[in-house]
């Protein structure tokens with residue numbers, strides 16, 4: 001089937017639909033199925049799909065009662081919880097435009113985003129979020145009302161504030177009094193209307209507001225659904241911010257189509273607990289999440305003292321890797337390898353996956369940045385195939401993916417049905433299709449840079465297509481290192497090799513216009529203390545560990561191992577282990593855990609210069 005036929009099929013699948021009409025259909029057909037669950041005080045509280053739609057309409061009526069007009073922006077700053085989805089759905093059904101704001105933004109950043117989109121309403125979780133908004137309220141003249149989910153944190157001496165309970169009670173009363181008024185609102189919403197405004201996480205410069213329509217998210221959901229191997233009404237876990245397009249698609253828009261059951265993990269630190277309780281059918285993690293899970297497993301395995309147990313686990317992992325390798329595109333799975341895996345899976349691998357809560361996973365995926373192939377092969381050893389995908393906010397998430405019947409580890413797969421993908425002369429990945437944004441809010445010059453006259457979206461990523469059509473992302477176009485000797489080097493490849501060692505939390509390769517490559521390295525805050533204890537080091541302080549001879553020796557081995565897999569010009573000649581972690585709060589990472597290279601270059605300019613001194 002050609003691309004045009006694929007597009008026609010997808011167009012027919014979502015023709016005339018909006019998120020509002022999809023929710024209405026799902027509530028009518030699967031109203032008793034569980035939709036969203038919150039874990040509160042160790043117990044799960046669940047909304048069905050019928051309840052979700054009723055609550056969404058009540059929330060819409062609440063916004064309408066507060067004066068929301070079609071097109072008004074509603075800013076949301078909350079963790080992953082049912083109220084987040086209900087506020088979003090309520091804004092959409094009232095004709096508004098929700099935008100989730102990363103909860104790690106500093107007040108000045110909040111002021112920029114909320115001011116740029118002229119947000120009329122804000123829904124905030126509690127005291128922490130208020131502390132990020134209140135210092136800049138005088139810079140937000142368009143903001144009319146702030147709704148606070150935590151009633152105890154809601155100021156009661158200022159009529160700009162409203163508690164969530166009061167707000168929803170208002171909406172409930174308004175809906176009961178005049179349900180037709182809200183029906184008219186959501187029925188007036190069209191596929192071309194903006195369903196959400198998402199601000200890029202800003203690896204360089206100010207974030208840009210990406211316009212995403214109902215048609216775009218429903219095309220994306222339909223593309224993902226066509227390639228799915230999930231059962232009816234699958235269960236999943238939502239823990240990544242809804243400011244992240246991936247979790248919006250997987251935990252919001254797609255579940256509305258599938259009548260799936262989403263379990264919220266309010267605190268990412270509780271993810272392992274939630275996974276063990278939910279045992280989801282699907283699980284998505286950005287590469288850093290998979291790397292941290294891998295590091296935790298490796299730390300446990302390295303602490304095992306029983307030689308027989310260690311040998312049994314090693315043999316089982318080998319069987320898992322061989323099994324997954326046999327299924328990769330172009331390979332053949334032999335009966336002998338399948339039989340060895342079946343035996344290892346029953347005795348060792350299934351119990352290991354069960355300890356992680358991943359024993360029922362049929363679809364494990366990763367995106368946001370390329371998943372290091374060694375991480376993928378590690379999980380292959382557990383019998384878990386992580387299907388890497390590629391996309392961006394501007395394409396409504398994934399536009400290529402590895403699939404169950406066609407995958408190659410180390411690549412981001414092939415284009416979804418209906419997606420056109422090509423490489424420019426300089427290797428930049430260009431995309432065209434129904435999920436591509438019409439542009440950035442109030443940024444015509446940036447939009448012109450993004451979308452050319454022929455409709456191609458310029459991703460800014462450099463890629464490589466193999467003979468079977470599988471895409472490998474090499475690096476960001478503007479982040480390529482060009483050394484003093486004129487060599488073009490992809491820093492992410494070097495960094496991924498360094499981060500394969502469980503002790504390494506983050507790494508930055510540097511060398512633009514310099515004679516050689518150097519690296520800044522941080523320890524993994526969870527793994528380092530465990531590793532230290534296993535090696536007889538008493539301190540758990542990261543700063544102290546960063547200076548300990550045994551730790552430095554081990555990190556030196558990590559650098560040596562990475563260099564052994566790199567060309568001479570790519571090898572790290574000097575490095576420094578830093579005394580603290582990099583986080584979104586400390587601004588070296590974006591909220592989606594990608595490096596903010598300019599921030600690191602600026603904050604650690606002296607350290608980088610010192611690596612070239614002498």
Exercise for the section: Express in nm, to one decimal, how much length is gained between residue 484 and residue 339 on full extension, taking 0.36 nm for each residue of separation and deducting their alpha carbon distance. Expected result: 46.9 nm
Completion exercise
Asserting the computed 222 nm helical MRE of the chain (DSSP H runs at least 4 long, -39500 (n - 2.57) per run, divided by residue count, to nearest 500) equals -12000 deg cm²/dmol
Handout entry: DSSP beta bridges in the chain [antiparallel fraction, %, rounded to 5]
Key = 55 percent
Practice task
Considering only DSSP beta bridges where both residues belong to region 480-612, give the percentage that are antiparallel (nearest 5).
Solution key: 65 percent
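Please give the peptides 96-103, 594-601 ranked by average Cβ packing (other Cβ atoms within 10 Å per residue), highest first, as a rough proxy for protection.
Values: 96-103: 24.4, 594-601: 18.2.
The peptides rank, most packed first, as 96-103, 594-601.
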Practice task
Within 10 Å, count the other beta carbons around each residue, average over each peptide in 295-306, 498-509, and list them highest first.
Solution key: 498-509, 295-306
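Compare the peptides 394-405, 220-231 by average per-residue count of other Cβ atoms within 10 angstrom and give them in order, highest first.
Final packing ranking: 394-405, 220-231.
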Exercise for the section: Could you work out how far apart the two model spin labels at residue 541 and residue 346 are, taking each label as a point 7 Å from the Cα in the direction of the beta carbon, and quote it in nm? Expected result: 5.4 nm
Exercise for the section: Could you pull out which residues in region 24-56 have an amide N less than 20 Å from a spot 7 Å beyond the Cα of residue 232, following the Cα-Cβ vector? Expected result: 24-36, 48-51
Exercise for the section: Find the centroid of the Cα atoms in region 78-93 and in region 112-159, then give the distance between the two in whole Å. Expected result: 16 Å
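Please report the antiparallel percentage of the DSSP beta bridges confined to region 257-405, to the nearest 5.
Numbers: 4 of 10 bridges.
Bridges in region 257-405 that DSSP calls antiparallel: roughly 40 percent.
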Exercise for the section: Express in nm, to one decimal, how much length is gained between residue 118 and residue 13 on full extension, taking 0.36 nm for each residue of separation and deducting their alpha carbon distance. Expected result: 34.4 nm
Handout entry: For region 279-301 versus region 471-513, the gap between their alpha-carbon centres in whole angstrom
Key = 23 Å
Completion exercise
FRET efficiency (residue 404, residue 54; Cβ distance; R0 45 Å; to 0.05) is 0.80
Handout entry: Per residue convex hull volume, Cα atoms of region 156-270, in Å³
Key = 203 Å³
Fill in the blank from the handout: Sorted largest first, the C-alpha extents of region 560-614 along its principal axes in whole angstrom are 34, 27, 19
Practice task
Using only Cα atoms, tell me the angle between helix 549-563 and the longest principal axis of the chain; keep it within 0 to 90° and round to the nearest 10.
Solution key: 90 degrees
Fill in the blank from the handout: At the level of C-alpha centres, the distance separating region 1-20 and region 537-614, in angstrom, is 47 Å
Exercise for the section: For region 284-477, list log₁₀ I(q)/I(0) at each q in 0.08, 0.09, 0.13, 0.16 Å⁻¹, using the Debye formula over Cα point scatterers of equal strength and ignoring solvent, two decimals each. Expected result: -0.33, -0.41, -0.74, -0.99
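What does the extension gain come out to for residue 426 and residue 360, with contour length at 0.36 nm per residue minus their alpha carbon separation?
Working: separation 66, 0.36 × 66 = 23.76 nm, distance 4.24 nm.
Separation in residues times 0.36 nm, less the Cα-Cα distance, equals 19.5 nm.
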Problem - In nm, spacing of pseudo-spin labels at residue 445 and residue 144 (7 Å Cα→C-beta vector) - result: 3.3 nm
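Here, each number is a calculation from the coordinates, and none is a lab measurement. All figures in this text were calculated on a predicted structure; none of them were measured in a lab. Counting neighbours? That spans all protein chains shown, and the Cβs are built from the backbone with ideal geometry, glycine included.
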